[in-house]
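Undergrad: Take a look at this one; I'll ask things after.
The values are calculated or read from the model by the stated rules, or taken from the named source; none is laboratory data. Every value quoted in this text rests on a predicted model; they were computed, and no experiment measured them. Cβ atoms come from the backbone with ideal geometry, glycine included; neighbour counts cover every protein chain shown. For accessibility, only protein heavy atoms count, side chains too; no ligands or nucleic acids. Shrake-Rupley method; radii C 1.70, N 1.55, O 1.52, S 1.80 Å.
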Amino acid sequence: MKKIIVMLAALVCPILLYAADNDALLAKIESACSKLASAQASFTHVRTTAAKTSVTQEGTMYFQAPGKLSMVYDADLFVINGDNVYIRRGGKVNRFDTSKVPSMKGLSATLTLGMAGKIKEIAETNNALYNIEDGAKEYKVTIAARAKAPRGYSRIVMTFRKSDCMVTSLETTEFNGMVNSYTLAGFSKNVPVDDSVFAIPEK
């Protein structure tokens, strides 16, 4: 019996330590990000299809807590403003109410909650589990779906720089094989952001 208890302890202790590490790092990231009211940064967006064809675009990202985010490309535009999402890509325009479109709710939540460092909420929204790795200069967060689904994300990987827990990269992999990778740089934190960048165009 004593031998069995020792064996069980050897199995359980690493799991408890693993959970404790995750909780400690999660609290640190959330605490730092809670101080972020607004941000502006340049970004590079690589969109890769299941057939492995890629398109790379650049632009400027604007964020305002708690639920506004805008990504301004040369010709394209992506805006999240509360429950409203606006996408203009290649001359084609789509508008969504995230309360009625689950896939858009997942996308909106992943981006806005990511900026806010709310990892656990992202995982819950995507029915996923999360793990946080403590690297030399960054925290790497991996969010993996619990089960395969017709749509949504199978995997989300985010990195937060250790100095201030700002998001430096985000990669989403959809169940259909589509991968969107964003790299952020040149941050300006808690600066005034013109609310017009979050306006949903009427046409």
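Undergrad: Check every one of the strands (runs of 3 or more DSSP E) wholly within region 4-106 and list those with 3 or more residues that are under 19 Å from Glu202 (Cβ atoms) and either among the charged types (D, E, K, R) or at pLDDT 95 or above (or both).
TA: Answer list for region 4-106: 68-73, 77-81, 84-89, 92-97.
Undergrad: Every residue in region 171-186 that is open to solvent by 40 Å² or more (accessible area, probe 1.4 Å) and either in a strand (DSSP E or B) or within 17 Å of Lys140 (Cα to Cα) (or both), please.
TA: If the condition is that a residue be open to solvent by 40 Å² or more (accessible area, probe 1.4 Å) and either in a strand (DSSP E or B) or within 17 Å of Lys140 (Cα to Cα) (or both), then Glu171, Glu174, Thr183, Ala185, Gly186 are the ones that fit.
Undergrad: Moving on. Go through (1) more than 18 Å from Ile156 (Cβ to Cβ); (2) hydroxyl-bearing (Ser, Thr, Tyr); (3) at pLDDT 90 or above; (4) in contact with a strand residue (DSSP E or B) (Cβ under 9 Å, 6 or more places away or on another chain) for Thr112 and report which single condition fails.
TA: (1)
Undergrad: Of all residues in region 187-202, count the ones that are in contact (Cβ under 8 Å) with a residue 24 or more places away in the chain and either open to solvent by less than 60 Å² (accessible area, probe 1.4 Å) or acidic (Asp, Glu) (or both). Let's see the steps before the verdict.
TA: In the first step, residues of region 187-202 are kept if they are in contact (Cβ under 8 Å) with a residue 24 or more places away in the chain; the result is 187-193, 195, 197-201.
Now drop any that are not either open to solvent by less than 60 Å² (accessible area, probe 1.4 Å) or acidic (Asp, Glu) (or both), which leaves 187-188, 191, 193, 195, 197-201.
The qualifying residues number 10.
Undergrad: Please give the number of the condition Ala144 fails out of (1) of a type in the set (A, V, I, L, M, F, W, C); (2) buried (at least 20 other Cβ atoms within 10 Å of the Cβ); (3) in contact with a strand residue (DSSP E or B) (Cβ under 8 Å, 6 or more places away or on another chain); (4) without any contact (Cβ under 8 Å) to a residue 24 or more places away in the chain.
TA: Ala144 satisfies every listed condition except (2).
Undergrad: Right, here's the next one. Quick check: is even one residue across region 112-123 in contact with a Cys (Cβ under 6 Å, 6 or more places away or on another chain) and in a loop (DSSP other than H, G, I, E, B)?
TA: Taking every residue of region 112-123 in turn, at least one turns out to be in contact with a Cys (Cβ under 6 Å, 6 or more places away or on another chain) and in a loop (DSSP other than H, G, I, E, B).
Undergrad: Does Arg95 satisfy being out of contact with any Asp or Glu (no Cβ under 9 Å at 6 or more places or on another chain), basic (Lys, Arg) and surrounded by 13 or more Cβ atoms within 10 Å (Cβ to Cβ)?
TA: Yes; evaluated as a whole, the condition is true for this residue.
Undergrad: Out of region 103-123, which residues are open to solvent by 70 Å² or more (accessible area, probe 1.4 Å) and free of Cβ contacts under 8 Å to residues at least 40 places away in the same chain?
TA: Correct list: Lys105, Glu121.
Undergrad: Here is a follow-up. Only residues that are surrounded by 13 or more Cβ atoms within 10 Å (Cβ to Cβ) and in a loop (DSSP other than H, G, I, E, B): list them for region 124-141, please.
TA: Asn126, Asn127
Undergrad: Of the conditions (1) free of Cβ contacts under 8 Å to residues at least 40 places away in the same chain; (2) within 16 Å of Thr112 (Cα to Cα); (3) in contact with a Ser or Thr (Cβ under 7 Å, 6 or more places away or on another chain); (4) buried (at least 16 other Cβ atoms within 10 Å of the Cβ), Arg155 fails just one. Which one is it?
TA: Checking Arg155 against (1) free of Cβ contacts under 8 Å to residues at least 40 places away in the same chain; (2) within 16 Å of Thr112 (Cα to Cα); (3) in contact with a Ser or Thr (Cβ under 7 Å, 6 or more places away or on another chain); (4) buried (at least 16 other Cβ atoms within 10 Å of the Cβ), the one that fails is (2).
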